[in-house]
Amino acid sequence: AGIGKYVAMDLARRNARTILACRSRERGQAAVEEIRAATGNPAVVLRLLDTASLASVRAFASAVLREESRLDVLVNNAGVTGLPFAITSEGLEQTFATNYLGPFLLTNLLLG
């Protein structure tokens, strides 16, 4: 939803292979179908990613590196605000993990 979806829409309009990295399979798949229909680009795909989980970030990055021949652009757009204090299963504060640690790790894992 929001800015991330519109960035993905613009990339798809430019005929780019576009990977939507989403926490929710249902919302992500709905966005994929909407973007495909609006742009006519069939190369829009969904991959699940929860940036609050470093294990999820590592699995996502590993899959991208294994499945994609190249990565030209990475848009880190995930973020949360106003959540009550919570600790992830990995012992990290949830907002900090989602907004900073996860995207930082993802970027570093994908750097070639």
Of S69, S56, the only residue that is among the polar types (S, T, N, Q), under 29 Å from G112 (Cβ atoms) and either touching a strand residue (DSSP E or B) at 6+ places or on another chain (Cβ under 6 Å) or open to solvent by less than 60 Å² (accessible area, probe 1.4 Å) (or both) is S56
Going through region 14-45 in order, the residues found to be crowded, with 18+ Cβ neighbours inside 10 Å and farther than 16 Å from E67 by Cα are C22, G28, A31, V32, I35, T39, N41
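Looking at region 75-112, which of its residues are assigned to a helix (DSSP H, G or I) and among the aliphatic types (A, V, I, L, M)? Before you say what the answer is, go through the steps one by one.
The initial filter retains those residues of region 75-112 that are assigned to a helix (DSSP H, G or I), namely 94-110.
Across region 75-112, the qualifying residues are A97, L101, L105, L106, L109, L110.
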Scanning region 42-70 residue by residue, the ones that are under 13 Å from the mean Cα position of the chain (by Cα) and in a loop (DSSP other than H, G, I, E, B) total 5
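The values are calculated or read from the model by the stated rules, or taken from the named source; none is laboratory data. Model, not experiment: these values are computed from the prediction. Reconstructed Cβ throughout: ideal geometry from the backbone, glycine too, with neighbour counts over all protein chains shown. When the accessible area is computed, the model is the full protein with side chains, heavy atoms only, and any ligands, DNA or RNA have been set aside. Shrake-Rupley method; radii C 1.70, N 1.55, O 1.52, S 1.80 Å.
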